[in-house]
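Undergrad: Here it is: the structure, laid out below.
FYI, it's all coordinate maths here, none of it is from the lab. Remember, predicted model here, so these are calculated numbers, not experimental data. Note that each Cβ is placed from the backbone with ideal geometry, even for glycine, and that neighbours are counted across all protein chains shown.
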Amino acid sequence: MTKAKGNPADAGAVRQFTVQADDDGIRLDRWFKRHMPDVTFAVVSRWARTGQLRVDGARATPGDRLTEGQVLRVPPLEAVAVQSGRKTIARKPLTEDQMDFAEKLVIHRDAHALVINKPPGLATQGGTKTHEHVDGLLDALMFERDDRPRLVHRLDKDTSGALLLARSARSAAHFAKSFSSRTARKVYWAIVVGVPNINDGMIDLPLAKQPGSGGEKMHVDEENGMPARTRYRVIERAGNRAAWVELQPHTGRTHQLRVHLAAIGFPIVGDGKYGGKDAFLSGSISRKMHLHARRLRIDHPDGSPLDVIADLPHHFAETLASLGFEESEGDLPLEDKVQPSGGEKKAMEKRASTAHAKDMRKARRGERRGRSGGGASGGKPPSGKRASGKAPAAKPGAAKGKPARGKPAAGKPRTGPGGPRRG
């Protein structure tokens, strides 16, 4: 959060904001994008050039990093909305019933995080024809804070279960990093048609968007697909008719669990999109999707583990009873660590290499600025030019022949591409 001095609604006056802990360390331009999204980068840059934008009384640039406690001076906002050409659509106030419904979804709450038990049929985010969604209910979940919680990952509309919300920008960044680094653990329960021959197995099939589906459907693509791995464990079986399985996604591709199970011949009950007519059981078994995010374990910003279990929706619990399964038998022991595959290791190495190269470029830009700004007082030629007849000094620890700007050395293969995260 950011505290404003004076009347925050008075857009025509100079305002001052005190940087809070949630914004400590972020760039100034990112601060505007977070707190004043109608102010474009071009406007921020112009304010900085003309000296109207100040941090603790000193001129500032869009790339400056902010520190908790600093005071940010923002010039009048007159005509900014017209300059940006953006239309701000006010959110419709929630009704009492909507507020009550949203609050009842909460199964965990602390200073940094909320976890809700999302019901099946409720989308995580809105779309062209989707008007009821979790994102639209976040105003009801602010509680003692004055800002909305933030979505960190997503669940499919027909998938129920644990959905994590971050209560500040800093905790959102922390949780997002846990998901991208694969340290977060997600456990799903599913009822599938048929019974796998192997009780504890790993499905390792690359996935890609299915051509002609408009990006709405995925399929297995051994040649061009992104790496996707799912561990499954059979909890119980109902003869050869159906099985209750635990699923742990080791990657986060769109519809990964649904595509993987259908691909090995055991579609999730109720998933007609990927299982077709074979994804339904006869009798009194519900035709709704039987996929539930049962458990979420993730590192909390305070250093302790956040471990939450979400109760089953009514139709899933009824199916367990109809098939003769006991819900108490479903929570299997969870291993502490997941071993990445060869492809995942390469992707992790590439991300590390890219981050290192970025740091090297920043360091070099800083050195060039230092040389150009040092002037003649430091014995260096003006305008950052090197003195004639002298070779540039090597960096400490640098070896001859080492490639510049973080590029891989000759003869060493580049690492493979990494894939996007999908919660």
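Undergrad: Under a Cβ-Cβ cut-off of 9 Å, what is the net charge of the residues other than VAL259 that fall near it, where Lys and Arg count +1 and Asp and Glu count -1?
TA: +3
Undergrad: Would you mind ranking TYR232, TYR274 so that the residue whose beta carbon has the fewest other beta carbons within 10 Å leads the list?
TA: Numbers: TYR232 25, TYR274 19.
By the 10 Å Cβ count, ascending, the order reads TYR274, TYR232.
Undergrad: In a Debye calculation with equal point scatterers on the alpha-carbon sites of the stretch 160-335 and no solvent, what is log10 I(q)/I(0) at q = 0.09 Å⁻¹?
TA: Results for the stretch 160-335 at q = 0.09 Å⁻¹ read -0.33.
Undergrad: Bin width 10 Å, alpha-carbon pairs only: give the P(r) of the stretch 203-256 as whole percents, running from 0 to the bin holding the largest distance.
TA: Values per bin, smallest distances first: 23, 38, 29, 10.
Undergrad: Return the long-range amide H neighbours of ALA242 (sequence gap of 5 or more, or a different chain), with a cut-off of under 5 Å between placed amide H atoms.
TA: So ALA242 has HN proximity to GLY194.
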